[in-house]
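Novice: Here it is: the structure, laid out below.
Throughout, read-outs are computed from the coordinates displayed, never taken from laboratory work. What you are looking at is a predicted structure, and each value in this text was computed from that prediction instead of being measured. Cβ atoms come from the backbone with ideal geometry, glycine included; neighbour counts cover every protein chain shown.
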2 protein chains.
Amino acid sequence: MQDKLTLMIPGPTPVPETVLLAMSRHPIGHRSADFQKIVKRTTAQLKWLHQTSGDVLALTGSGTAAMEAGIINVLSKGDRVLCGDNGKFGERWVKVAKAYGLDVQVIKADWGQPLDPEAFRAALEADTGKAIRAVIITHSETSTGVINDLKTITSHVRAHGTALTIADCVTSLGATNVPMDEWGLDVVGSGSQKGYMMPPGLAFVAMGERAWTAYERSDLPKFYLDLGKYRKSAAADSNPFTPAINLYFALEASLEIMQAEGLEAIFARHDRHRRATQAAMKAIGLPLYAAEGYGSPAITAVAPEGIDAEALRKKVKDRFDILLAGGQDHLKGKVFRIGHLGFVCDRDVITAVAAIEATLQELGLAKAAIGAGVGAAALELAR
Amino acid sequence: MQDKLTLMIPGPTPVPETVLLAMSRHPIGHRSADFQKIVKRTTAQLKWLHQTSGDVLALTGSGTAAMEAGIINVLSKGDRVLCGDNGKFGERWVKVAKAYGLDVQVIKADWGQPLDPEAFRAALEADTGKAIRAVIITHSETSTGVINDLKTITSHVRAHGTALTIADCVTSLGATNVPMDEWGLDVVGSGSQKGYMMPPGLAFVAMGERAWTAYERSDLPKFYLDLGKYRKSAAADSNPFTPAINLYFALEASLEIMQAEGLEAIFARHDRHRRATQAAMKAIGLPLYAAEGYGSPAITAVAPEGIDAEALRKKVKDRFDILLAGGQDHLKGKVFRIGHLGFVCDRDVITAVAAIEATLQELGLAKAAIGAGVGAAALELAR
């Protein structure tokens, strides 16, 4: 049905009406005092969201631009980096690091499995010559619905003494606790179409003091992604390049909504939706793809054995106007993914579960009594 | 007066209401068939706007991102490039080229003066060893309001045989004729907040066949700005990274308006506004900053001798809610700039002139009879 689509993908997430309407305001000049006020205010709110006293810089770009900026601003050609790879995004940061001539050491886990913090501890302890300059970790691996133990891995990086932690928090920030300063994260990348509940187009890089020290020696070429320019402009509540002004209007509106809800409530909501979605899928006999205990608070990947996941996903969209995400790369057709990130309420979760149940019935593929999924979700939502 | 501001700066330009409202639609999935339709349609329209059968790729970023992408995708470390520098943006491309370790040969002109095509001809003819790989030219130099003779300079590049032309058409595309294929331009960069009449956030890089050949040998590191990835995705009506979906909605709306007006009418309108603005400023005794005959169709820079340009500009904003642009770098306080680019009609031009005249009166700085500027503008607009 036209204009009735509900997004249950891992970004863009649903967007509040006030945020959408903020975007339709006429742009103002980006070198004006009025725009400086917006930059000043949103910068303070971004620090609150990141739980940091460091810098949080906004770029016009995607989450990949943020992560690339985070990597190339603190490293130099030939630097050794340790990359965690247990999905499509972990894999992508390996590619970025290699594109810039870094010496990449990869710690892998199978798709669906979490990265093993012990493997990081061992690799970092073995690096007695302190060659490892940075560790790149994806917190919530969007392709598999796995959440990695970023806190523990970061503690091992800190024990190493000199390596930095560069964290891809694109689908974890604003969904689960990412206390940047408390955990000792040096660089955190994120994107507007995720926990921020905004359309895509703004990306954020948070940089701690150790990251800025590394910036001083970084020799990788950059200009648009040169974070030093952003830091300098941010000191004057400005941007070095013409930013996506209307997305700043949206950012202002969305951060206000987030602050009104509060971090604890936001994290509790995402945790509740994770539990409800997981319980529902189990109740209707659809196995979860992520290893038990490692499901992301942002997204649940489901591997419906013996069922064409892509056909199911398409039917849910056609019949119920709910867009689920498909599997990526070799998971295409084998996995579908339910996004429960950003502007998602309990009603959305229970609706998505009901639509999946009803579709399985219609396709003659139901393995459980109709209502089992909704019932299981309702129980978790009520806890 | 709140929400009454009219932008007469060189970007963002005024934005049509239909474009603003298109932005407030709820985002759709960027991997959906519905989004592919938008990419397919806007790509065809972008080729029309660029007058090219080559590729026109959309990035989420600023015009600087587009130009950096254009430069780093066709060159390799140590390559000799010839850069034209007669203002802030020409200066910027020199900085980008140097940031990537290119061997930069600069052809300068004073701010306010055009680049001399003969200097390019001489440098290119002297390059018998064919070391020059590319010539980087800013078509409309936004900082000074000068339009460079891109057509003639490009003809000299073509005569060289192997060098490419990388053109910054950020404030010329959609304002004046830039027939990419006819002139033999290889790379053209532009940004959404200019002739496109959109808010900022999308940037465009057009690449001809010779540029793609150069891409194959380019060894400069890149990932988010790697145009090969965009070309591959564009073949499937998609983007390699999550694009600014809502800005695509705006792009669809704005390109439709542009096609309805037609290229010839768009160029004639900008030419009319250039003539009217120039004539009005002369009539009220405010000298133009750009050399006679080289004023940009997008922006007119005015150097009001003996008058604090910044004070005048601020007064025009406070009294009449019209935002003019100030002077950049060493021109701050010495120059103000009237943007007549994008969604600007005859009424806007005559209004801006009237506001400037009225402000000069109020400040006791008028050198001509009140109405002289409006009269001169009206005569040009009627031609």
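Novice: Starting from the Kirkwood Rh over alpha-carbon pairs, what translational D in µm² s⁻¹ does the stretch B:85-218 have by Stokes-Einstein at 10 °C and 1.306 mPa s?
Specialist: 105
Novice: What relative contact order, as a whole-number percentage, does chain A give when Cα pairs under 8 Å and 6 or more residues apart are counted?
Specialist: This gives 23 percent for chain A.
Novice: Three principal axis extents, largest first, for the C-alpha atoms of the protein assembly as shown, in Å?
Specialist: Extents along the principal axes: 84, 54, 46 Å.
Novice: For the residues B:Leu7, B:Leu381, what sequence is obtained by ranking on other C-beta atoms within 10 Å, fewest first?
Specialist: Final ranking by Cβ density, sparse to dense: B:Leu381, B:Leu7.
Novice: Whose amide H sits under 5 Å from the amide H of A:Ser76, counting only residues 5 or more places off or on another chain, with H placed in the peptide plane?
Specialist: Those lying under 5 Å, H to H, from A:Ser76 are A:Asp219.
Novice: On to the next question. Which value does Rg/Rh take for the stretch A:262-382 over its C-alpha atoms, Rh per Kirkwood?
Specialist: That ratio equals 0.94.
Novice: Treating the Cα atoms of the stretch A:49-94 as identical point scatterers in vacuum, please give the log10 of the normalised Debye intensity I(q)/I(0) at q = 0.32 Å⁻¹, two decimals.
Specialist: Taken in order of the listed q values, log10 I(q)/I(0) reads -1.15.
Novice: Using unit Cβ charges (K, R positive; D, E negative) and no other charged atoms, how large, in debye to the nearest 20, is the dipole of chain A about its Cα centre?
Specialist: 480
Novice: Hey, what's the Kirkwood Rh for the stretch B:174-259 if you take every pair of different alpha carbons, in angstrom?
Specialist: Taking the inverse mean of 1/r over all distinct Cα pairs, the stretch B:174-259 comes out at 14.5 Å.
Novice: Listed highest first by mean packing, meaning other Cβ atoms within 10 Å per residue, what order do B:62-70, A:109-117 come in?
Specialist: B:62-70, A:109-117
Novice: Helix A:117-126: angle to the longest alpha-carbon principal axis of chain A, degrees 0 to 90, nearest 10?
Specialist: Its long axis makes an angle of about 20 degrees.
Novice: Also, quick follow-up: Using a label point 7 Å beyond Cα on the Cα-Cβ vector, give me the inter-copy distances for B:Asp219 in nanometres, one decimal, shortest first.
Specialist: B:Asp219 label point versus its equivalents elsewhere: 1.6 nm.
Novice: Separate question: Within 10 Å of each candidate Cβ there may be at most 14 other Cβ atoms; applying that plus a DSSP loop requirement, which trypsin sites (Lys or Arg not before Pro) in the stretch B:1-37 survive?
Specialist: Counting only loop positions with at most 14 other Cβ atoms within 10 Å, the trypsin sites (Lys or Arg not before Pro) in the stretch B:1-37 are B:Lys4.
Novice: Provide the packing ranking of B:209-216, B:191-198, i.e. peptides ordered by the mean count of other C-beta atoms within 10 Å per residue, highest first.
Specialist: B:191-198, B:209-216
Novice: Rounded to the nearest 10 degrees, what's the angle between the helix A:33-50 long axis and the longest principal axis of chain A, both from Cα atoms, 0 to 90?
Specialist: 70
Novice: Using alpha carbons only, how many angstrom separate the centre of the stretch B:351-383 from the centre of the stretch A:85-147?
Specialist: 65
Novice: Would you kindly derive the ³J(HN,Hα) couplings of the stretch B:354-365 from the backbone phi angles with the Karplus curve 6.51 cos²θ - 1.76 cosθ + 1.60 (θ = phi - 60°), listing them in order in whole Hz, with x for Gly and Pro?
Specialist: 4, 5, 5, 4, 4, 5, 4, 4, 4, 7, x, 10
Novice: Most exposed first by the Cβ proxy, i.e. fewest other Cβ within 10 Å, how do B:Ser155, B:Ser254, B:Ser140 rank?
Specialist: So the residues, fewest neighbours to most, are B:Ser155, B:Ser254, B:Ser140.
Novice: I would also like to ask the following. With respect to the cross-link table entries B:Lys98/B:Lys130; A:Lys37/B:Lys315; A:Lys88/A:Lys151; A:Lys151/B:Lys98; A:Lys130/A:Lys151; A:Lys194/B:Lys4, which display a Cα-Cα separation exceeding 29 Å?
Specialist: A:Lys151/B:Lys98; A:Lys194/B:Lys4
Novice: Using a 10 Å cut-off around each Cβ of peptide A:247-253, what is the average number of partner chain Cβ atoms that fall inside?
Specialist: The per-residue average across the peptide is 2.
Novice: Roughly how many debye, to the nearest 20, is the charge dipole of the stretch B:263-382 about its Cα centre, given +1 on each Lys and Arg Cβ, -1 on each Asp and Glu Cβ, and no other charges?
Specialist: In total the dipole reaches around 100 debye.
Novice: Nearest 0.05, what FRET efficiency do A:Lys367 and A:Thr43 give at R0 = 51 Å with Cβ-Cβ as r?
Specialist: 0.50
Novice: Tell me which A residue has its C-beta closest to the axis rotating A onto B, and the distance in Å?
Specialist: In chain A, the Cβ lying nearest the symmetry axis toward B is A:Ser24, 2.
Novice: Name the residue from B:Val135, B:Leu49, B:Phe89 whose Cα lies farthest towards the positive end of the charge dipole of the stretch B:3-159, charges +1 on Cβ of Lys and Arg and -1 on Cβ of Asp and Glu.
Specialist: Checking the options against the dipole of the stretch B:3-159, the answer is B:Leu49.
Novice: With +1 assigned to the C-beta of every Lys and Arg and -1 to the C-beta of every Asp and Glu, and no other charges, what is the dipole magnitude of the stretch A:189-259 about the Cα centre in debye, to the nearest 20?
Specialist: 200
Novice: When the Karplus curve 6.51 cos²θ - 1.76 cosθ + 1.60 is applied with θ = phi - 60°, which whole-Hz ³J(HN,Hα) does each residue of the stretch B:269-282 get, with x for Gly and Pro?
Specialist: Karplus values, whole Hz, x for Gly and Pro: 4, 5, 5, 4, 5, 4, 4, 5, 5, 4, 4, 5, 5, 5.
Novice: Using a 10 Å cut-off around each Cβ of peptide A:52-65, what is the average number of partner chain Cβ atoms that fall inside?
Specialist: If you average over the peptide's residues, the count of other-chain Cβ atoms is 4.
Novice: Please order A:Met258, B:Met207 by the number of other Cβ within 10 Å, starting at the fewest.
Specialist: A:Met258, B:Met207
Novice: What are the nm distances, shortest first, from A:Lys4 to its equivalents in the other copies, labels at 7 Å along Cα→Cβ?
Specialist: Its label point is 4.5 nm from the equivalent points in the other copies.
Novice: Still on this structure, I have one more. Translational D (Stokes-Einstein, µm²/s) of the stretch A:17-260 at 37 °C and 0.692 mPa s when Rh comes from the Kirkwood sum over C-alpha pairs?
Specialist: Translational D for this selection: 182 µm²/s.
Novice: Can you give the average number of partner chain beta-carbon atoms within 10 Å of each beta-carbon in peptide B:315-328, as a whole number?
Specialist: So the per-residue partner count for this stretch is 1.
Novice: Taking B:Lys40 as the anchor, which lysines have their alpha carbon closer than 18 Å to its alpha carbon, excluding any fewer than eight residues away along the same chain?
Specialist: B:Lys229, B:Lys232
Novice: Under the convention of a label 7 Å out along Cα→Cβ, give the distances in nm from B:Gly364 to the same position in every other copy, shortest first.
Specialist: B:Gly364 label point versus its equivalents elsewhere: 9.3 nm.
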